[in-house]
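Here's the structure, in structure tokens; my notes come after.
The values are calculated or read from the model by the stated rules, or taken from the named source; none is laboratory data. Keep in mind the model is a prediction, meaning the values are calculated, not measured. Cβ: placed from backbone, ideal geometry, glycine included. Neighbour counts: every protein chain shown. Surface accessibility is based on the protein's heavy atoms, side chains included, excluding ligands, DNA and RNA. Shrake-Rupley method; radii C 1.70, N 1.55, O 1.52, S 1.80 Å.
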Amino acid sequence: MNMRRRVAGLAGALAGVAVAGTAAEVARRRRVIARRGAGDRTPLGSLRAVARTVVADDGLPLHVEVDEPDAHDPADPTGPGHDPLTVLFVHGYALNLDCWHFQRAGYRGLVRTVFYDQRSHGRSGRSSLEHATIDQLGRDLARVLEAEVPEGPVVLVGHSMGGMTIIALAEQHPELFGDRVVGVGLVSTTAGGLDVGRLLLPVVPAKLAGPFLGRAVGRVMVPLARGHRFIDLARRLGGSVALVATDLFAFGGDVPESYVRYVDQMLARTPFEVVAEFFPSFESLDKFHVVEGLSRVPVSIICGTADRVTSIGHSRKLHAHIEGSRLVEVEGAGHMVVMESHDQVNAELDQLIAAATERAGQR
């Protein structure tokens with residue numbers, strides 16, 4: 001099975017080169033190859049750009065960072081005289097833009113990239129309870145897109161809650177897909193039917209979560225949310241337990257300790273009150289009827305087969321609903337596949353960017 005996947009992946013990669021069939025595409029891919037391994041050579045969390053602020057429709061400030069590309073190859077169809085392609089990355093629940101470290105390192109200087117912290121996460125402003133919803137995240141993405149990518153084609157890539165954000169945008173602004181949005185990457189995500197109890201395990205101390213998770217999850221959040229300060233304190237004091245939980249539920253295999261600590265620190269910096277505020281949106285999420293509209297653009301769906309948060313079945317269902325989409329099942333990888341199997345994720349994003357670039361050039 002693994003061999004068949006490798007052969008299929010190789011065939012797809014060669015087909016991508018053949019379809020592009022241009023000196024510009026070959027040159028672009030050579031630059032991509034040269035950047036492989038950049039993430040491991042760069043200290044985690046060290047990639048930064050000048051901070052920008054985008055104001056959401058409710059007045060909340062969103063922290064944004066943009067990496068501009070280096071000088072373009074004159075033969076590149078996205079170079080001078082053309083609208084540059086932008087890749088906009090949308091992070092997941094209880095994380096921040098730093099979770100894209102390996103993608104940021106891999107594409108820095110090669111393509112224009114935009115990263116931002118979702119509301120109540122990272123360095124963005126704290127949301128009111130009424131606006132802590134997936135639909136509001138979709139509106140936030142629309143504002144970031146309007147402010148930071150006012151012109152030119154864009155590829156949207158979302159991990160976990162970030163993928164749900166993109167789907168919410170597609171529901172609110174379907175006209176963007178096929179026009180401004182020329183490609184979509186959905187990583188370890190779903191459009192509904194989530195086992196919401198799985199979301200708690202990496203962010204709630206095991207001794208606190210254990211007695212509650214056997215009951216209805218909706219009722220669990222009430223006592224936990226009321227004691228959010230105690231939970232935050234318990235998580236800090238129980239650092240070793242939290243680290244083990246992060247390793248178990250974020251990764252599928254053995255990864256460097258630095259990866260686990262990096263993710264654990266992001267989770268720890270997200271107050272449990274924020275976790276609780278967004279939780280009802282996951283319970284009610286039901287947008288599989290929306291994703292069929294994404295078939296107007298190239299779509300790559302990526303998920304680890306050992307994902308314990310948004311299991312591989314969700315990605316298979318998305319693939320079944322989005323005609324023409326590509327599904328990459330990363331053998332043995334967990335929810336943080338963007339770190340754990342970053343080379344494979346970036347290789348698929350290379351394919352997506354190539355297909356999107358070709359589409360943009362045909363418009």
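Before moving on, here are some points about what is shown:
- 3J(HN,Hα) along the range 170-175, derived from phi through the Karplus expression 6.51 cos²θ - 1.76 cosθ + 1.60 where θ = phi - 60°, amounts to 5, 6, 7, 9, x, 5 Hz, with x in place of Gly and Pro.
- Taking other residues whose beta carbon is less than 11 angstrom from the beta carbon of residue 187, and scoring Lys, Arg as +1 and Asp, Glu as -1, yields -2.
- Karplus (6.51, -1.76, 1.60) ³J(HN,Hα), θ = phi - 60°, over the range 323-340, in Hz, Gly and Pro reported as x: 4, x, 6, 9, 10, 10, 9, 8, 4, x, 7, x, 5, 8, 4, 5, 9, 4
- The range 286-363 shape via C-alpha gyration tensor axes, a/c threshold 1.5: oblate
- Gain upon complete extension [residue 57, residue 128; 0.36 nm per residue less C-alpha separation]: 24.3 nm
- Rounded to the nearest 10 square angstrom, residue 130 shows an accessible area of 140 square angstrom against a 1.4 Å probe.
- Modelled FRET efficiency - R0 30 Å, residue 42 with residue 292, Cβ distances, 0.05 increments: 0.20
- Proximal charge balance of residue 52 [Cβ under 15 Å; K/R count +1, D/E count -1]: -3
- Rounded to whole Hz, the Karplus (6.51, -1.76, 1.60) HN-Hα couplings of the range 267-279, x for glycine and proline: 5, 5, 7, 8, x, 4, 4, 5, 4, 5, 5, 7, 4
- Extension gain for residue 254-residue 284 works out to 7.4 nm (0.36 nm per residue, less the C-alpha to C-alpha distance).
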